[in-house]
Amino acid sequence: MEVLGIDVGATGIKGSIVDLSTGTLIGEKVKMKTPSPATPDSITSSIKQMIDVLQWTDKPVGIGFPSIVKEGVCWSASNIDTEFIGFPIQDHLEKVLNTKVKVVNDADAAGIAEMTFGKGKTLSDKLVIFITLGTGIGSAIFYKGVLVPNSELGHLFYKKSVFEKYASNSARELKGLGWKSWAKELNVYLQHLNHLFSPDVILIGGGVSKQFDKYKPYLNVECMVETAQLLNDAGIIGSAMSLRS
Ligand code: BGC
């Protein structure tokens, strides 16, 4: 079965048609900037535009979204407009697009893809924490292959705020931190996750996972820390997969 997966991030929106049996992208991957402000109206227009470009009118769409999403309703808005809090995004998009739509948290989506088609394939009997280091920090916890949804581990309190303000990739960029200084914060974060959950593995996803070699030497965490395998496509693949449930 082929469906459209759209990964909405705080900075960019990516979409592609996905073959659900193999977890691979079919044809073109379309990328656009997330509109600012990222309100329900502006995000809806971007999604419509994506569907037009990929000629996917009236066909099912799975969406990963950077918010707590419970039964299709958003309940947080750290890096998107606060108009999203309490917004029934799934129903809204189903009406506007006239098709079946499933919306889930973006990190949960990417984690599901990684567990099904990436490194997670060999970790189905383990406790795995998958995190994405991007504009924010997203997380997905899996115990024996089962997801605990909407975990939001980037929002654990740290210093004067939350960890995503110190250990995300955007924190590194915004503060102009070198790999070593940033890795110090990331190391505290990963150690904290390890103490709280005793995972067997922490998998790091998001764009900065490609540069793991640059900060790996500064990490000193008791559990295994590895990069995810599907890299930037995990979000698109997992978003498409959300339509299976
Ligand atoms: C949001 C999460 C999201 C993560 C990655 C965080 O700011 O609260 O819901 O998964 O960013 O996009």
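The values are calculated or read from the model by the stated rules, or taken from the named source; none is laboratory data. Everything numeric here is computed off the predicted structure, so don't read it as measured data. No Cβ is skipped: glycine too gets one built from the backbone with ideal geometry, and neighbour counts run over all protein chains shown. These area figures cover heavy atoms from the full protein model, side chains too; ligands, DNA and RNA do not enter into them. Shrake-Rupley method; radii C 1.70, N 1.55, O 1.52, S 1.80 Å.
What accessible surface, in Å², does a 1.4 Å probe find on Y218, ignoring ligands, DNA and RNA and rounding to the nearest 10? Estimated to the nearest 10 Å², Y218 gives 100 Å². Backbone geometry of segment 17-29 corresponds, through the Karplus equation with coefficients 6.51, -1.76 and 1.60 at θ = phi - 60°, to 3J(HN,Hα) couplings of 7, 10, 8, 5, 7, 10, x, 10, 7, 10, x, 6, 9 Hz, x marking Gly and Pro.
Per-residue 3J(HN,Hα) values for segment 63-71, derived from phi via the Karplus relation 6.51 cos²θ - 1.76 cosθ + 1.60 with θ = phi - 60°, read 10, x, 9, x, 7, 5, 10, 10, 6 Hz in sequence order (x marks Gly and Pro). Close amide H contacts of T132 (hydrogens built in the peptide plane, cut-off under 5 Å, sequence separation of 5 or more or a different chain): G138, S139, G205. Report, for the chain, the % of DSSP beta bridges that are antiparallel, rounded to 5. Expressed as a percentage, antiparallel bridges in the chain total about 60. Classify segment 8-131 as rounded, prolate or oblate from the Cα gyration tensor: take a ≥ b ≥ c as the square roots of its eigenvalues, call it rounded if a/c is under 1.5, otherwise prolate when a/b beats b/c and oblate if not. Taking the square roots of the gyration eigenvalues as a ≥ b ≥ c, segment 8-131 is oblate. The calculated Kirkwood hydrodynamic radius for segment 119-229 is 13.9 Å, given to one decimal from all distinct C-alpha pairs.
Using alpha carbons only, how many degrees (0 to 90, rounded to 10) separate the axis of helix 40-53 from the longest principal axis of the chain? Rounded to the nearest ten degrees, it is 70. Using a 1.4 angstrom probe on heavy atoms only, work out the carbon and sulfur share of the accessible area of segment 122-205 in %. Carbon and sulfur atoms account for 57 percent of the accessible area of segment 122-205.
Measuring with a 1.4 angstrom probe and ignoring ligands and nucleic acids, M224 comes out at about 100 Å² accessible. For G9, the amide hydrogen comes within under 5 Å of the amide hydrogens of K14, counting only partners 5 or more places away or on other chains and with H modelled in the peptide plane.
A 1.4 Å probe run over the chain, with the rest of the protein chains in place, finds 45 Å² accessible per residue. When the chain is treated as a Gaussian network with alpha carbon springs shorter than 10 Å, the biggest mean-square fluctuation among V61, V103, V201 belongs to V201. Compute the Cα gyration tensor for segment 170-245, then decide on rounded, prolate or oblate, letting a ≥ b ≥ c be the square roots of its eigenvalues: rounded whenever a/c is under 1.5, prolate when a/b is larger than b/c in the other cases, and oblate in all that remain. Since a/c reaches 1.5 but b/c is at least a/b, the shape of segment 170-245 is classed as oblate. Legend: residue pairs K48/K95; K48/K210; K33/K59; K102/K210; K184/K214; K33/K165, Cα-Cα distance threshold 19 Å; pairs beyond threshold, K48/K210; K33/K59; K102/K210; K33/K165.
Based on C-alpha pairs under 8 angstrom that are at least 6 apart in sequence, segment 119-229 has a relative contact order of 29 percent. For the residues G64, G27, G134, a GNM of the chain with alpha-carbon springs under 10 Å puts the largest fluctuation on G27. Amide H contacts of V221: none lie under 5 Å away among residues 5 or more positions distant or on a separate chain (H built 1.01 Å from N in the peptide plane; Pro and chain starts excluded). The string of couplings for segment 204-220 from the Karplus curve (6.51, -1.76, 1.60, θ = phi - 60°) is 9, x, x, x, 6, 5, 5, 9, 3, 4, 6, 10, 3, x, 8, 8, 9 Hz, one whole number per residue in order, with x for Gly and Pro. Estimated purely from DSSP H runs of n ≥ 4, each contributing -39500 (n - 2.57), the mean residue ellipticity at 222 nm for the chain is -9000 deg cm²/dmol once divided by its residues. Just I85, I137, I68 to compare: in a GNM of the chain, with alpha carbon springs under 10 Å, which one fluctuates most? Among I85, I137, I68, the largest GNM mean-square fluctuation belongs to I85. The Cβ shell under 15 Å around D108 holds other residues with a net charge of -2, Lys and Arg each +1, Asp and Glu each -1. Can you bin the chain into rounded, prolate or oblate? Criterion: square roots of the alpha carbon gyration tensor eigenvalues sorted a ≥ b ≥ c, rounded for a/c under 1.5, prolate for a/b above b/c, oblate for the rest. Cα axes put the chain in the prolate bin.
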